[in-house]
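What follows is a single structure, written as structure tokens, with notes after it.
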Amino acid sequence: MNVLLIGSGGREHALAWKIKQSKQCDHLWVAPGNPGTATLAHNLPIAPADFAAVGQACRANKIDLVVVGPEGPLVQGIRDYFESDPTLQHIGLVGPGKVGAALEGSKDFSKQFMQRHGVPTAKAFTVTLTNLAEGLHYLATCALPIVLKADGLAAGKGVVICTTHAAAQAELRAMLEQKKFGEASAKVLIEEFLRGIELSVFVLTDGDGYVVLPEAKDYKRIGDGDTGPNTGGMGSVSPVPFATPAFLQKVEERVIKPTLAGLQKEGIPYRGFIFIGLMNVEGEPYVIEYNVRMGDPETQSVVSRIESDLLDLLSACARGQLKNKTIAISPAHALTVVMASGGYPGDFTKGHVIDVGRGPAHVFHAGTRKAGDQLVTDGGRVFGITAVAGSLAEARAQAYTTAGAIAWPGKYLRADIGMDLLHLVDDVRS
Ligand code: AMP
Ligand code: GLY
């Protein structure tokens, strides 16, 4: 099979690494990829949003399967583009069409979808400029803290948690009147705050059959002890000790099955990943958000525990043949530490020469670039270092040893990935 993977982050390096292990993989291309994927595949200098160029690359390279990493091209309709072109229609594609991608692209759409199909989620009220006065009045009646969410894609920054009513009212006005997040905040959800612990569950579905991938916990804040601003994710762990089999069973019955049944009922075809962000509230799952792709850096930990041939599953997904597939998952512990540029998620400088030493863990590239023979930094999140071991403590040790062998001026990483879970592991899993 000839495969084209779209994207350029750590998630894509991890997917490329796993796809390349499949006996079914003849050739792998990545558009645009990064220096990490270049060691496994042919990188193509194509922007994911340039569907015409992606289509041309598929024709030229006789691609059988396209795997879309990030949400952007999905929300912009890459599947719809492929389906409407007679020269591309035969190509399998992992990722939903524009309508399905609205599960991530519009928080208002996904909230109403959950409400229509009985998927447990926080209560919410949607406000636009036309009912701003009503929204401000509603805010005054809400318990604190209050969660405000921009409806559209806002690069992970569209959720603001307000601890006073005055702050919530000012924030609502800033989002709607001053268009704080541009068009993304033309609609805003006022949402009830859920108190609990977060985890993410990943499903690969063809709209009928599905497999549940390993669950993961992401570390979103920049600072140790979950302090400071939100980032794309500074680390991940899988398995998650508090995701007990009983809890995951509830997720399957109350969230996954009703979500897939809802898509079917509404006639929304869906072939791709669903990444379900969950809050465990006293043992009960509530959906915080759907994403229509895998997470980054969750993927690096998740694929490291998949024993099955991932390409076989992706190809079955794209062709609507997932129904009889199963997935084998290693009981081992995977842990990913993200190495970032100093200053991220704010301003940072690029182009620092990276000294890459060796270590026992796997090094997935994200924001790197080749400058001649040298590897230099080229983004906020530079690497994801993933270790897999028999215990969480050992995975931590291996990941941090490897991260310690990689250096550039200003490198930054959290020192506490997985530490909050160490005391739970022995109680629950081993
Ligand atoms: P999202 O962009 O929807 O993933 O939200 C970003 C983060 O905001 C989540 O990972 C949660 O930590 C937090 N969050 C979102 N919605 C809620 C909620 N209803 N209650 C508590 N925290 C929330
Ligand atoms: N790590 C969070 C995300 O990929 O959305």
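The values are calculated or read from the model by the stated rules, or taken from the named source; none is laboratory data. Computed from a prediction, not measured in an experiment: that's the story for all the values here. Every residue, glycine as well, gets a Cβ built from its backbone with ideal geometry; the counts of neighbours run over all protein chains shown. Note: accessible area is taken over every heavy atom of the protein model, side chains too, but ligands, DNA and RNA are not part of it. Shrake-Rupley method; radii C 1.70, N 1.55, O 1.52, S 1.80 Å.
Scan region 312-335 and report the pairs whose first residue is over 30 Å from A399 (Cβ atoms) and whose second residue is small (G, A, S), with Cβ atoms within less than 6 Å and a gap of 6+ or a chain change.
Sorted first by the residue in region 312-335, then by its partner, the pairs are A318/G92; R319/G92; L322/G209; L322/A316; K323/G209; K325/A316.
Which condition from (1) in a loop (DSSP other than H, G, I, E, B); (2) away from ligand 2 (no atom under 16 Å from the Cβ) is the one that T130 breaks?
(1)
For S330, indicate whether it is away from ligand 2 (no atom under 16 Å from the Cβ) and either out of contact with any Gly (no Cβ under 9 Å at 6 or more places or on another chain) or open to solvent by 10 Å² or more (accessible area, probe 1.4 Å) (or both). Spell out how you get there, then give the answer.
On the way: away from ligand 2 (no atom under 16 Å from the Cβ): yes; either out of contact with any Gly (no Cβ under 9 Å at 6 or more places or on another chain) or open to solvent by 10 Å² or more (accessible area, probe 1.4 Å) (or both): yes.
So S330 passes the test.
Of all residues in region 99-131, how many are crowded, with 20+ Cβ neighbours inside 10 Å and of a type in the set (D, E, K, R)?
Count: 3.
Which residue pairs have Cβ atoms closer than 6 Å, lie 6 or more positions apart in sequence or on different chains, and pair a first residue in region 112-127 that is farther than 17 Å from A150 by Cα and within 15 Å of ligand 1 (Cβ to nearest atom) with a second residue that is outside any helix (DSSP H, G or I) and open to solvent by 30 Å² or more (accessible area, probe 1.4 Å)?
Cβ pairs passing all conditions: P120/Y286.
Kindly state which helices (runs of 4 or more DSSP H) lie completely within region 247-344 and contain at least 2 residues that are more than 18 Å from the chain's Cα centre (by Cα) and acidic (D, E).
Values: elements: 257-265, 298-304, 310-318.
Where helices (runs of 4 or more DSSP H) fall fully within region 247-344, none carries at least 2 residues being more than 18 Å from the chain's Cα centre (by Cα) and acidic (D, E).
Report whether or not K370 is part of a strand (DSSP E or B) and open to solvent by 50 Å² or more (accessible area, probe 1.4 Å). I'd like the intermediate steps shown before the answer.
Numbers: part of a strand (DSSP E or B): yes; open to solvent by 50 Å² or more (accessible area, probe 1.4 Å): yes.
Spelling it out, K370 is indeed part of a strand (DSSP E or B) and open to solvent by 50 Å² or more (accessible area, probe 1.4 Å).
Going through region 152-176 one residue at a time, which ones are more than 16 Å from ligand 2 (Cβ to nearest atom), at pLDDT below 95 and open to solvent by 60 Å² or more (accessible area, probe 1.4 Å)?
I161
Kindly provide the set of residues from region 218-236 that are part of a strand (DSSP E or B), open to solvent by less than 70 Å² (accessible area, probe 1.4 Å) and within 11 Å of ligand 1 (Cβ to nearest atom), ordered by number.
The answer is D218, and nothing else.
Any residue in region 379-398 that is outside any helix (DSSP H, G or I) sitting within a Cβ distance under 8 Å of a residue that is surrounded by 18 or more Cβ atoms within 10 Å (Cβ to Cβ) and of a type in the set (K, R)? List the pairs, counting only those 6 or more apart or interchain.
So the pair list comes out as V382/K411; A387/R396; V388/R305.
Yes or no: L132 touching a residue at least 12 places away in the same chain (Cβ under 8 Å), over 26 Å from V237 (Cβ atoms) and touching a Cys at 6+ places or on another chain (Cβ under 8 Å)? Can you show your working first?
Details: touching a residue at least 12 places away in the same chain (Cβ under 8 Å): yes; over 26 Å from V237 (Cβ atoms): yes; touching a Cys at 6+ places or on another chain (Cβ under 8 Å): no.
The answer is no for L132.
Just checking, does region 257-264 include any residue being touching a Lys or Arg at 6+ places or on another chain (Cβ under 7 Å), within 15 Å of ligand 1 (Cβ to nearest atom) and of a type outside the set (V, I, T)?
Taking region 257-264 as the starting set, the residues that turn out to be touching a Lys or Arg at 6+ places or on another chain (Cβ under 7 Å) are 262.
Then keep just the ones that are within 15 Å of ligand 1 (Cβ to nearest atom); that gives none.
Within region 257-264 (the criterion being touching a Lys or Arg at 6+ places or on another chain (Cβ under 7 Å), within 15 Å of ligand 1 (Cβ to nearest atom) and of a type outside the set (V, I, T)), the answer is no, since none of the residues qualifies.
Conditions (1) more than 16 Å from ligand 1 (Cβ to nearest atom); (2) part of a helix (DSSP H, G or I); (3) closer than 20 Å to Q300 by Cα; (4) within 22 Å of the chain's Cα centre (by Cα), marked per residue:
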residue: L4; (1), (2), (3), (4): yes, no, yes, yes
residue: H13; (1), (2), (3), (4): yes, yes, yes, yes
residue: Q24; (1), (2), (3), (4): yes, no, no, no
residue: W29; (1), (2), (3), (4): yes, no, yes, yes
residue: A49; (1), (2), (3), (4): yes, no, no, yes
residue: A57; (1), (2), (3), (4): yes, yes, no, no
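How many residues does region 272-296 contain that are more than 16 Å from ligand 2 (Cβ to nearest atom) and buried (at least 24 other Cβ atoms within 10 Å of the Cβ)? Give the derivation first.
Residues of region 272-296 more than 16 Å from ligand 2 (Cβ to nearest atom): 280-286.
Then drop every residue that is not buried (at least 24 other Cβ atoms within 10 Å of the Cβ), which leaves 285.
Qualifying residue count, region 272-296: 1.
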